[in-house]
There are 2 protein chains.
Amino acid sequence: MQLPDSQSSQQAPRPIGVFDSGIGGLTVAGALRRLLPAEHISYIGDTARVPYGGKSAATIERYSRELSRMLLDDGAKLIVVACNSASALALSALQSSLEVPVLGVIQSGAVAAVAATRSGCVGVIGTRATVNSGAYQQAIRALNPDVRVEAAACPLLVPLIEEGWLEDAVTEAVVARYLEPLLQKGIDTLVLGCTHYPLLQGALKSYAGSGIILVDSAKNCALEVQALLSSRGISSSAEGAGSLRVSLTDPSSAFLRVAENALGLDVGEVHLRPVG
Amino acid sequence: MQLPDSQSSQQAPRPIGVFDSGIGGLTVAGALRRLLPAEHISYIGDTARVPYGGKSAATIERYSRELSRMLLDDGAKLIVVACNSASALALSALQSSLEVPVLGVIQSGAVAAVAATRSGCVGVIGTRATVNSGAYQQAIRALNPDVRVEAAACPLLVPLIEEGWLEDAVTEAVVARYLEPLLQKGIDTLVLGCTHYPLLQGALKSYAGSGIILVDSAKNCALEVQALLSSRGISSSAEGAGSLRVSLTDPSSAFLRVAENALGLDVGEVHLRPVG
């Protein structure tokens, strides 16, 4: 049940709702915590059905609706789709059907990429679902039709990150395999089009070299959230500190501690909220 | 709705029901087709929620019950859990609650491994869920308490197989990383404890060397099915050829054609049966 506006605003501060297919979206939650420390955040990671990146638009949209509904039950005043695959394939459906504003991570990544490129050639890496959707390509073209986009699906990067092989010869070899064709095509900017990828920034930077600007949508997405809260007058007025509440749809979370360490984020107690 | 026994046996031959978290279980379906060509097989791959290997016992059991129920709706006379993670964590719950016999892939793998080892040291590779469950360790110990089991979780092998990197330097490096500690411990037999792994037999054999016997439960599981059908008098009496009907819970199936080619299996039209 969603709390009515008047009741929830009187009784408890309404959180920013954030969902992801799993743990990777904590990179976005971390950026929100840093930029907006007075806000409460309710995060749901769909670890029972992770990953989304190889699944169809229909399935990803169905899962996204279900998770959004759970966040509305928490009284969310705004929903952040902190998953590139879901942002690529379900964002407009959520925006047209939900009663609160919904932000994804693709628009902010596209804006940052267009601002960063000098050569006019931007690389995008992501899951199969994200890359095949063409969402980054469209968002960048809408901002500047002269910018060329070269995209590559990198399905092995998430499993490598979840295995914790962040600095590893195997990971370097896989990164080289995926990035080499993009570098050949003259990109000078690389969008990390999956919320896991910032955890692999070291290996990506080291292969791409200092001439390539890495764009990670987490920070830009947090800025977009800040602007939206402020323009709608729904920023937290609390003096005290905000909070982060993390729920997962499956309790197995070997990767959660990897992410917590890599992000320097205190996740605290994790709540279980089954789905499906 | 499940068909009543009398009705289904008069009207249509009852299939062998087979389910897996995804496509990998087609290795078992392929072995069944070869050994029992007169049988009809109804296969469901839960591609909407794949993979199971990093998920909890409770979630895997819940998904397994749902897929079994769908196979019973097809009139299945027997259910084969063609997924090691589900066999490890849900088999006994299914066996004690379903009205038809239920077979997993772990017992047949354990029998084959105990028969094959000469050194008395058996290696097992599988997903995190399978290895952490201790199911192979228990099954092998029950058959022969003198056999030592060394198990290793290999979470990157399934993504590598699904990327189609079956013969690849990266895959060789990952295989070496996972197998080296097992070889150090003196194994002479290696159980492929995940239905995807037979597709990687080349790389596994090449690193392990000819002194190591690879045990793949698909063929042994098919033999166990044959014995059970025969002992219960429920083998297909049809003269004509059997069939394979493949259903997936998500239509995305980049990997399906990789598996079809590697297995030499004609999958034909794929049916979509959503879950969750």
Inset, instruction - Quick one: A:Val124 ticks every box in (1) touching a strand residue (DSSP E or B) at 6+ places or on another chain (Cβ under 6 Å); (2) over 18 Å from A:Ser87 (Cβ atoms) except a single one, so which number is it? - result: (2)
Inset, instruction - Report, ordered by the first and then the second residue, all pairs with beta carbons closer than 7 Å, sequence separation of six or more or different chains, a first member in the stretch B:58-81 that is more than 14 Å from every other protein chain (Cβ to nearest Cβ), and a second member that is surrounded by fewer than 18 Cβ atoms within 10 Å (Cβ to Cβ) and in a helix (DSSP H, G or I). - result: B:Gly75/B:Ser8; B:Leu78/B:Leu228
Legend entry - Residue within the stretch B:71-90 that is assigned to a loop (DSSP other than H, G, I, E, B) and under 22 Å from B:Ser252 (Cα atoms) present: yes
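Just one of B:Ser252, B:Ser235 is more than 28 Å from B:Leu36 (Cβ to Cβ) and either surrounded by fewer than 16 Cβ atoms within 10 Å (Cβ to Cβ) or assigned by TED's automatic domain parsing to the domain that holds B:Leu26 (or both); which is it? Steps first, answer last, please.
Values: B:Ser235 fails: more than 28 Å from B:Leu36 (Cβ to Cβ).
So the residue among B:Ser252, B:Ser235 that is more than 28 Å from B:Leu36 (Cβ to Cβ) and either surrounded by fewer than 16 Cβ atoms within 10 Å (Cβ to Cβ) or assigned by TED's automatic domain parsing to the domain that holds B:Leu26 (or both) is B:Ser252.
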Inset, instruction - Using the structure shown, decide if A:Leu190 is surrounded by 22 or more Cβ atoms within 10 Å (Cβ to Cβ) and either hydrophobic (A, V, I, L, M, F, W, C) or in contact with a strand residue (DSSP E or B) (Cβ under 7 Å, 6 or more places away or on another chain) (or both). - result: yes
Legend entry - Residues within the stretch B:82-95 that are away from every other protein chain (no Cβ under 12 Å) and of a type in the set (Ser, Thr, Tyr), tallied: 2
Inset, instruction - Within the stretch A:75-107, count every residue that is closer than 20 Å to A:Cys154 by Cβ and in contact with a strand residue (DSSP E or B) (Cβ under 6 Å, 6 or more places away or on another chain). - result: 5
Legend entry - Matching residues, the stretch A:45-57, being within 12 Å of another protein chain (Cβ to nearest Cβ), small (Gly, Ala, Ser) and farther than 21 Å from A:Ala153 by Cα: A:Ala48
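Are there any helices (runs of 4 or more DSSP H) wholly within the stretch A:105-180 with 3 or more residues that are more than 10 Å from chain B (Cβ to nearest Cβ) and touching a helix residue (DSSP H, G or I) at 6+ places or on another chain (Cβ under 8 Å), and if so which?
Numbers: elements: A:106-116, A:128-133, A:135-143, A:157-162.
Answer list for the stretch A:105-180: A:106-116, A:135-143.
The values are calculated or read from the model by the stated rules, or taken from the named source; none is laboratory data. This is a predicted model, so every value here is computed, not measured. Cβ: placed from backbone, ideal geometry, glycine included. Neighbour counts: every protein chain shown.
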